[in-house]
Structures are given as C-alpha cells and as structure tokens.
Amino acid sequence: MAAVRNSGIGDRLSVSIVDLRTRTTVLAYHAESPLNPASNMKLLTAAAAMIELGPDFRFRTGLYGRIVDGHVQGALCLKGGGDPTLERSDLMLFAQRALEEGARQVDEVIVDGSYFDGEVLPPLFDQQPNEIAPFRAAVGAVSVKDNAYTLRVRPGPVDGAQAVVTVDATGYFQIDNQMLTSAAGAPSVIADERPTADGVALSLKGTVPLGAPTAAYERRVPAPLPFSGWMFVDALKAAGLTVAKKVTVGTCPSELPLIYLQTSLPLGQVLSRLGKDSDNFAAEMILKTLGAERTRRPGKSSEGAAVVVDILKQLDVPTTGLVILNGSGLFQGNRVSSEQLTGLLAAMYANPAFRDDYVAQLAVGGVDGTLVRRFRKLPRARIVRAKTGTLDDVIALSGYVLGPSPERAFAFSYLANGVSGKHSQARGLVDQLVETLAAHLYAAPKP
C-alpha cells in the first residue's frame with residue numbers, strides 16, 4: 001500500500017487485488033472509483049461474449065445466388081454475420097465455390113450487412129476524426145481484412161517515370177497518381193484521401209527512388225460494406241470469372257439459394273484478438289454481435305453495451321458508476337473501477353465452464369501479445385495472464401497472477417488516469433505490484 005500511496009502518480013489511481021482462494025480483498029486503493037479503463041474494457045466485452053454467446057459460438061457468412069448456364073441470374077449476394085476474422089483468402093474460397101457451382105459470369109455483387117445497424121463508426125471514435133490508422137477502423141456486418149487497406153508504392157522503371165501504386169479492392173478507389181520515380185533520395189509519399197458516396201478518392205504526390213523496395217501503408221476504410229464488395233470482385237476475377245463493375249449495398253433477396261456458408265473459428269479462439277492483441281476492431285464487432293444476438297434485430301453498439309451490463313449484474317458485480325459506451329476502450333467516455341474488474345475476473349475464474357477459455361485469451365507475461373516484453377523475470381514462467389491498456393492519459397493492467405496450484409491465484413486491476421508524460425512511472429508501479437504478488441505465491445515455505 002505504501003508504494004501505491006507514495007508513487008507520485010496522482011489521485012486518479014484505482015487499484016484492487018483479490019485473493020481468489022478466499023475471495024478476500026488484499027489491497028483496495030480508491031478501488032470503487034470509476035476511471036477510464038482504456039483497453040481493459042475488452043475484459044468486460046470478452047466475458048460478456050463468452051457468457052452470452054458461448055465459447056463455441058461461430059460467426060457465419062453466406063454466399064447466395066442463382067446460377068443458370070454459367071451466368072449468375074441477378075446478383076451474387078454476400079451476407080455477413082459480423083465475423084471479425086474474414087480475410088482475402090476467405091473471399092477467394094467463396095469465389096472458388098461459386099466457380100465450382102458453375103458460375104462464369106457475374107453482373108452484380110450485393111453486400112448484405114443488415115445483421116448490424118448502419119452506424120459504421122463505433123461510439124467515441126469521432127474524437128479523432130482525422131485519424132486514418134487501422135486501430136480506429138469502422139465496423140460492418142461484412143468486414144474483410146479488419147476494414148483496412150494496404151497502399152503499396154514502388155518505383156517505376158526509370159528516373160522520372162510514374163511510380164507504381166496498388167491498393168486492395170481496386171474498384172473502391174478513385175486514384176489520382178502523381179507520384180514520380182526519382183534517381184535517388186528517400187521515399188516521400190503524400191497521400192490525401194477523401195470519402196466518396198461508396199469509396200475513397202485517393203490523391204498521391206511525392207517521389208520514390210529507383211531501386212527502393214515496395215513501401216506499404218495500412219489505412220482504415222470509411223465504408224466497410226462497399227470495400228468488402230470490391231474485395232470480393234477482385235477475388236472473383238482472380239478465380240477466372242467475368243465480373244461487371246457493379247457493387248451494391250442491400251439485402252439478399254429471400255428466394256436466392258445458398259451457394260456456400262462459412263463459419264468462423266469458435267469464439268473462444270477468436271477472443272484472443274481482444275485479450276492478447278488488443279484488437280479494437282474485433283472488440284467493436286463482437287459488441288454489436290452481442291446486441292444482434294440478444295435482440296434478434298440489426299446489432300447496435302448501445303444494445304451490446306446493455307448486454308455487458310446485464311452480464312455483470314448476473315455475476316453479482318456492482319455496477320455503480322459504470323459507463324460502457326464502446327467495446328474496445330478507445331478514447332474518452334467509458335468508466336470502470338478496479339473493484340468492478342477484479343469482481344469480474346474473480347467470477348470468471350470461479351466458473352469452470354469459462355475459466356480456461358477466459359484465461360487463455362489473455363496475454364501471457366513474457367511470452368506473447370501485448371505482454372511479450374514484460375514479466376520475464378518471475379519465480380515461474382507464464383504465471384501472469386493479463387490485459388494491458390494504454391492511452392495518452394491512461395495506463396492500465398488487469399488480470400491474474402497464477403500460483404503453484406489452481407486455487408492459489410490473485411486477481412488484480414490497476415487503472416491509472418491522468419498519467420500523460422508519466423507512462424513509464426505508472427507502468428513501473430503496476431509491474432512492481434504484480435512481481436510482489438508472484439513472489440508471495442512462490443515464496444519458500446518457512447521451516
């Protein structure tokens with residue numbers, strides 16, 4: 001307690017440590033104070049998904065269409081069920097199945113995202129409206145490649161030639177390429193993008209030197225459904241189909257037969273994207289899925305948040321002061337206390353139906369995920385399983401320190417707000433607390 005009180009981090013610090021064998025509180029420092037949890041919010045989202053949907057839940061994506069003499073009558077329709085793991089390779093599989101069913105010509109692709117509502121930007125994400133990095137990706141019921149595209153730039157054949165620019169989902173972009181190849185120097189890529197009705201106008205200026213390797217830049221897309229549709233068009237072309245340049249966002253006609261249904265990995269495995277990788281996109285997709293599955297109507301973030309609160313109540317976790325607006329913890333708005341987090345952690349650990357999957361989705365100290373470089377010098381390896389949280393103003397860490405037997409373990413939560421410019425100090429304090437817990441669990445017995 002003295003280390004916490006004398007840390008100099010400030011008053012906006014909430015710490016809770018619970019002995020999971022006795023369910024007693026070992027340390028409580030402003031433990032009831034609701035603070036910004038940053039990505040520790042994903043602990044709540046993951047727990048609610050595991051309980052509400054079950055570890056064996058699978059996301060579903062269907063391809064529908066009617067094929068007559070090689071021609072797809074009307075349109076091929078790609079209908080999404082909120083799968084946050086879809087990649088280009090999955091679309092290639094859809095295209096191959098259409099080919100195997102006899103399709104040779106496609107006039108139109110329909111993307112059906114009606115499993116979610118039309119709000120593609122998660123709550124609070126508008127706090128950084130000019131941010132184009134993928135960590136702030138939009139969401140849609142049909143989403144591919146985490147709703148991010150890769151802009152690749154390489155030099156042309158000679159000095160002064162136009163540089164070569166490629167992107168994913170070519171039909172989604174209107175590209176004005178004014179980049180040139182230079183004889184020498186460092187690459188200079190100036191990319192200005194402007195959303196259009198169903199895509200992006202991309203203007204490129206600058207230079208790239210002869211002999212330079214391809215430079216790749218990851219950027220978020222503002223309209224997930226059209227982007228996914230054009231990604232699918234590229235996959236169909238790669239499979240050898242003739243495809244007209246028409247992508248429509250709509251709903252699949254009810255009379256269309258199913259060509260192929262793909263299911264994701266079980267939710268218990270998908271959740272590692274939250275716990276280990278701190279994937280904001282996956283967290284927001286799962287939050288909307290909670291709303292869709294609970295209400296049986298297009299999923300809303302607010303309805304998913306209501307499910308999370310309801311699950312906490314079912315677990316007898318106090319909800320006083322709790323504010324849940326999004327599922328990832330990005331930006332300012334969510335409010336959770338360390339006491340609520342250790343209450344959740346303790347409840348999940350005590351439930352044999354969920355314990356193993358819930359602990360497994362967390363980062364392992366010194367081994368993987370966001371903790372790969374921390375907790376490498378503990379009495380035993382792999383005994384810290386936790387979720388990090390980092391914003392300009394927040395350092396957080398919550399999870400478990402596991403003892404030599406399953407019943408010997410601690411749940412801990414550390415939320416430090418107002419620490420801009422003090423990240424190293426705030427992170428050092430929580431690491432010290434965790435190391436102290438580990439030393440206690442593995443202390444040699446007294447003679």
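Tabulated data
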| item | result |
| --- | --- |
| Residues located in the stretch 12-28, provided they are of a type in the set (D, E, K, R) and within 31 Å of the chain's Cα centre (by Cα) | 12, 19 |
| The stretch 167-192 residues that are under 21 Å from residue 221 (Cβ atoms), paired with ones that are of a type in the set (Phe, Trp, Tyr) and in a strand (DSSP E or B) (beta carbon under 6 Å, 6 or more apart) | 167/149; 167/173; 168/149 |
| Residue count for the stretch 215-241, restricted to those that are of a type in the set (Ser, Thr, Tyr) and at pLDDT 95 or above | 1 |
| Single condition residue 312 does not satisfy, out of (1) hydrophobic (A, V, I, L, M, F, W, C); (2) under 27 Å from residue 219 (Cα atoms); (3) in contact with a Ser or Thr (Cβ under 6 Å, 6 or more places away or on another chain) | (2) |
| Residue within the stretch 221-239 that is in a strand (DSSP E or B), within 18 Å of residue 114 (Cβ to Cβ) and not basic (Lys, Arg) present | no |
| Residue satisfying condition, being at pLDDT 95 or above and crowded, with 24+ Cβ neighbours inside 10 Å, within set 302, 338 | 338 |
| Test set (1) assigned by TED's automatic domain parsing to the domain that holds residue 215; (2) among the charged types (D, E, K, R); (3) in contact with a strand residue (DSSP E or B) (Cβ under 7 Å, 6 or more places away or on another chain); (4) at pLDDT 95 or above - residue 136 fails condition number | (4) |
| Close pairs (8 angstrom Cβ cut-off, 6 or more residues apart or separate chains): assigned by TED's automatic domain parsing to the domain that holds residue 141 in the stretch 287-298, crowded, with 19+ Cβ neighbours inside 10 Å and not basic (Lys, Arg) anywhere | none |
| Which numbered condition residue 436 misses (of (1) crowded, with 16+ Cβ neighbours inside 10 Å; (2) assigned to a helix (DSSP H, G or I)) | (1) |
| Total residues in the stretch 269-316, condition under 14 Å from the mean Cα position of the chain (by Cα) and farther than 21 Å from residue 119 by Cα | 10 |
| Odd one out for residue 202, checked against (1) in contact with a helix residue (DSSP H, G or I) (Cβ under 9 Å, 6 or more places away or on another chain); (2) over 30 Å from residue 304 (Cα atoms) | (1) |
| Cβ-Cβ under 6 Å pairs, at least 6 apart or on other chains, the stretch 209-220 side under 11 Å from residue 187 (Cβ atoms), far side among the basic types (Lys, Arg) and assigned to a strand (DSSP E or B) | 214/152; 214/154 |
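Yes/no per residue for (1) farther than 24 Å from residue 340 by Cβ; (2) surrounded by fewer than 20 Cβ atoms within 10 Å (Cβ to Cβ); (3) not β-branched (Val, Ile, Thr):
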position: 381; (1), (2), (3): yes, yes, yes
position: 391; (1), (2), (3): no, yes, yes
position: 400; (1), (2), (3): no, no, yes
position: 407; (1), (2), (3): no, yes, yes
position: 411; (1), (2), (3): no, no, yes
position: 414; (1), (2), (3): no, no, yes
position: 423; (1), (2), (3): no, yes, yes
position: 427; (1), (2), (3): no, yes, yes
position: 442; (1), (2), (3): yes, yes, yes
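The values are calculated or read from the model by the stated rules, or taken from the named source; none is laboratory data. These figures come from a predicted structure and were not determined experimentally. Because the Cβ atoms are built from the backbone with ideal geometry, glycine has one as well, and the counts that use them run over all protein chains shown.
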